[in-house]
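Written below as structure tokens is the structure these notes are about.
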Amino acid sequence: ALVSSTPLLIEARQRGYGIVAFNVHTLEMLQAVVEAAEESRSPLILQTTVGTVKHLGIEYIVGAAQTAARRVSVPIALHLDHCQDFELILQCMRAGYTSVMIDQSMHPFERNVEMTRKVVEVARALNVNVEAELGKVGGVEDDIRVEDDKATLADPEECRRFVELTGVPTLAPAIGTAHGIYKGEPDIDFRRIEDIAGKVEVPLVLHGGSGIPEAQIKRCVSLGMAKINVATELKNAFSLSLQQSFAANPDDLDPRSYMSAAKQTVKRLAQEKMRLSGCAGKA
Ligand code: 13P
Ligand code: ZN
Ligand code: NA
């Protein structure tokens, strides 16, 4: 069965590794990361954005994720990424999601606290993990766009108060990463991660994982980032593989062949990310 990500992430932070949370959009992408996790003995967080929930439907997603959890021996959690809609969060929790993100990072601190607290209360009763964001992660993630000059970093003292006031079990503080692929190198404030990790005990979540160089990911993990979100790199790899298949074999119109190639590409990339974040071999 799908498990809550809370204990997985607590263990990850304690033991100093990161669990990769992959955004998936199709059945093949989901299967690819599940196979990658099983083969590399890695705990896994499957996640879907609100856009993907609308695209595939809650029941199809939960059904596929539950099937995956039954078929493999590594623990799998299913997470709703960047959701601002309380009703949709409730629906997903009732349908079988084992983790949700309530994203109120665009609103003032007090409102963020109030909404997060509401979600935490319901989630506790259902044994579901909750993630909230402080500061604003830049870049584009589905329907959420934050211009560079609007992105703000999380304040360590606010992080401490936020966790205390909400009881949220996992926190995503903005520390300089951005959604999508970076133009240059990401400008990560490592000192800030350290300060935040010194003030809150809960596992921290790194958004914008695509495009971060290996050494920087490792440093983030060593400072307390226990969940590493990867969306764009996986999506691009999947789509580029399809482009290549069609370019190389324009007459091959069998989804089972071009989809298999794309699935293998995603699987290899996922295994690489798991190795990098340190969760390979931890399940
Ligand atoms: P990337 O698209 O940069 O990998 O960010 C993923 C993310 O933070 C999902 O919430
Ligand atoms: Zn994100
Ligand atoms: Na990124």
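At a glance:
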item	result
Length-normalised contact order for the chain - Cα pairs under 8 Å, 6+ apart - percent	24
Antiparallel DSSP beta bridges within region 30-167, percent to nearest 5	25
Residue-by-residue Karplus 3J(HN,Hα) for region 120-133, coefficients 6.51, -1.76, 1.60, Hz, glycine and proline x	4, 4, 5, 4, 4, 5, 9, 6, 10, 6, 10, 10, 10, 10
Helix 58-71 axis, angle to the chain major axis (alpha carbon atoms, nearest 10°)	80
Whichever lysines have a C-alpha closer than 19 Å to that of K273, once near sequence neighbours (fewer than 8 apart) are set aside	K218, K227, K235, K263, K282
Beta bridges per DSSP with both ends in the chain, % antiparallel, nearest 5	10
Pair V72, N236: separation of 7 Å Cα→Cβ label points (nm)	2.4
Compactness index (Cα Rg / 2.2 N^0.38 Å), the chain	0.95
16 Å Cα-Cα reach of K267 towards aspartates and glutamates, excluding residues that sit fewer than 8 places from it in its own chain	E28, E35, E38, E39, E233
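Taken together, the values in this text are just the output of simple stated rules run on the coordinates, not laboratory data. None of these values were measured; they are calculated from a predicted model. All Cβ positions, even for glycine, are placed from backbone atoms using ideal geometry, and neighbour counts span all protein chains on display.
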